[in-house]
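S.K.: My structure is below; once you've seen it, I'll send some questions.
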Amino acid sequence: MKFITYKIVILSAMFMLMSCGEDKKPSTAVGVETLDDRILVTQAQFDQNKMVLGGIEEKMFTSVVSVNGMIDVPPENKAVISATLGGYIKQTHLLIGDKIEKGQKLITIENPEFVTLQQDYMEVGEQLNYLKSEFDRQKIMRAENITSERSFLKAESQYKSALANHNGMRKKLEMLNISISNVSQGNISSVATIYAPISGSITKVNVSIGAYVSPATPILEIINNDHIHLELSIFEKDIMKIKKDQNIEFTIPEASSEVFNAKVYLVGTAINADRTIKVHAHLDEESDKNFLTGMFVNANIITDAEMRFAVPDETISASDDIQYVLVLDEAREGDYYFKQIEVQVISNQKGYSIIESQNTFNATDQFLTKGAFRLINE
């Protein structure tokens, strides 16, 4: 038994001598070495793990209302083309996406009723000369008590009725864009032309050549994107926060990750059936972007903004559901000594967090803004 004990002692002594003889190299692995209540990080560890120091920064923090909506145009920038009177499409050369100018020829419609209307207009026009003459004659004779009042009233009624009929047919011809002067000269056409009421792009084509269209049939749709806006839907609970001229940041998630800007222009005064209110917003620099009507948008309406002192989000690390920051207490001979301080995050936006703690931080305090997570959690 004594021999076994002696042997163990000899082996232990040899192992200790071998360990002491090994070359010692500085460690670059991150490990928590505490000095009183502080965490020590050597310069080698600091460099190897690409740690970064930073101070408190003043940042703009905002209160927002998040909403959805779409890009739209004012009513005067959208036109649905239909026929004043029904007919058959005789000519059209337009496709979806074609650019057109106000007054440009769009389509022609043919209908035998157009011929009848022009004939009636000419016939009534010829009758007017006689009826006007008869009315003037009866008027003079009535003044001299030569004719009866009945004859005078009859002449007056016939003339005014024909005049109203003539003016009505004239208006119909003008609505069909049929030249009144040509009709007056006996040039009758079976074709009516529809011209563009606004400039813009063709967004819908609902007919083809030879198709019959009634006055209620939409033929084309034109949209002018020169002035577009946002139509947003605000829930009833948030509407009291929304005011004119508030800034808006919005994205078009299906098309781009870029953030665009707008301003509240009009706030609706009626609640819809789904308990939302419409808000109309004007875009900044809309002409520089290729926005299209109907695009879906996600928007944040900025209802309040203030400057607050904050730190980058990476500065804050959690351990056992408690949040901490590492504040530089001392830098000496290439070593860094940090204090671990418990904090509470009040708010965070765009990579920065407002923090609060029992300690009062100064503008000169230096925080470990990169690498704190590993130190706090080891």
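The values are calculated or read from the model by the stated rules, or taken from the named source; none is laboratory data. It should be emphasised that the depicted structure is a prediction, and the values quoted were computed from it without experimental measurement. For neighbour counting, all protein chains shown are included, and Cβ atoms are generated from backbone atoms with ideal geometry for every residue, glycine included.
S.K.: Look through Ile222, Ile234 and report the one residue that is more than 26 Å from Ser201 (Cβ to Cβ) and either touching a Ser or Thr at 6+ places or on another chain (Cβ under 8 Å) or of a type in the set (Phe, Trp, Tyr) (or both). Walk me through how you get there before you give the answer.
M.R.: Details: Ile222 fails: more than 26 Å from Ser201 (Cβ to Cβ).
Going through Ile222, Ile234 in turn, the sole match is Ile234.
S.K.: Turning to a different aspect of this structure: Among the residues of the range 62-112, how many are buried (at least 16 other Cβ atoms within 10 Å of the Cβ), aliphatic (A, V, I, L, M) and more than 24 Å from Ala299 (Cα to Cα)?
M.R.: 10
S.K.: Right, another one. Scan Glu231, Glu254 and give me the residue that is in the same structural domain as Ala270 (by TED's automatic domain parsing) and at pLDDT below 90. Before you say what the answer is, go through the steps one by one.
M.R.: On the way: Glu231 fails: at pLDDT below 90.
Result: Glu254 is the single residue among Glu231, Glu254 that is in the same structural domain as Ala270 (by TED's automatic domain parsing) and at pLDDT below 90.
S.K.: Further, regarding this structure: Of the conditions (1) closer than 28 Å to Gln246 by Cα; (2) touching a residue at least 40 places away in the same chain (Cβ under 8 Å), Leu95 clears all except one; give me its number.
M.R.: Of everything listed in (1) closer than 28 Å to Gln246 by Cα; (2) touching a residue at least 40 places away in the same chain (Cβ under 8 Å), Leu95 misses just condition (1).
S.K.: Filter the range 254-285 for residues that are out of contact with any His (no Cβ under 7 Å at 6 or more places or on another chain), closer than 23 Å to Asn224 by Cα and touching a residue at least 40 places away in the same chain (Cβ under 8 Å) and give the result. Can you show your working first?
M.R.: Quick first cut of the range 254-285, residues out of contact with any His (no Cβ under 7 Å at 6 or more places or on another chain) only: 254-261, 264, 267-279, 284-285.
From what's left, closer than 23 Å to Asn224 by Cα: 254-256, 260-261, 264, 278-279, 284-285.
Within the range 254-285, Glu254, Ala255, Lys278, Val279 qualify.
S.K.: Also, I was wondering about something else. Among the listed residues Lys241, Lys204, Lys237, identify the single one that is farther than 26 Å from Ile100 by Cα and in contact (Cβ under 8 Å) with a residue 40 or more places away in the chain.
M.R.: Details: Lys204 fails: farther than 26 Å from Ile100 by Cα; Lys237 fails: in contact (Cβ under 8 Å) with a residue 40 or more places away in the chain.
Only one candidate passes the filter, namely Lys241.
S.K.: Among Lys102, Lys59, which is farther than 16 Å from Asn206 by Cα and not assigned by TED's automatic domain parsing to the domain that holds Val191? Spell out the reasoning first.
M.R.: Working: Lys102 fails: not assigned by TED's automatic domain parsing to the domain that holds Val191.
Only one candidate passes the filter, namely Lys59.
S.K.: As an exercise: evaluate Leu328 against (1) at pLDDT below 85; (2) farther than 30 Å from Ile239 by Cα and give the number of the one condition it does not meet.
M.R.: (1)
S.K.: Across the range 112-146, which residue is modelled with the highest pLDDT among those that are basic (Lys, Arg) and out of contact with any Ser or Thr (no Cβ under 9 Å at 6 or more places or on another chain)?
M.R.: From the range 112-146, those basic (Lys, Arg) are 132, 137, 139, 142; that's our starting set.
So of that shortlist, the ones also out of contact with any Ser or Thr (no Cβ under 9 Å at 6 or more places or on another chain) come out as 132, 139.
Values: Lys132: 88, Lys139: 83.
That would be Lys132.
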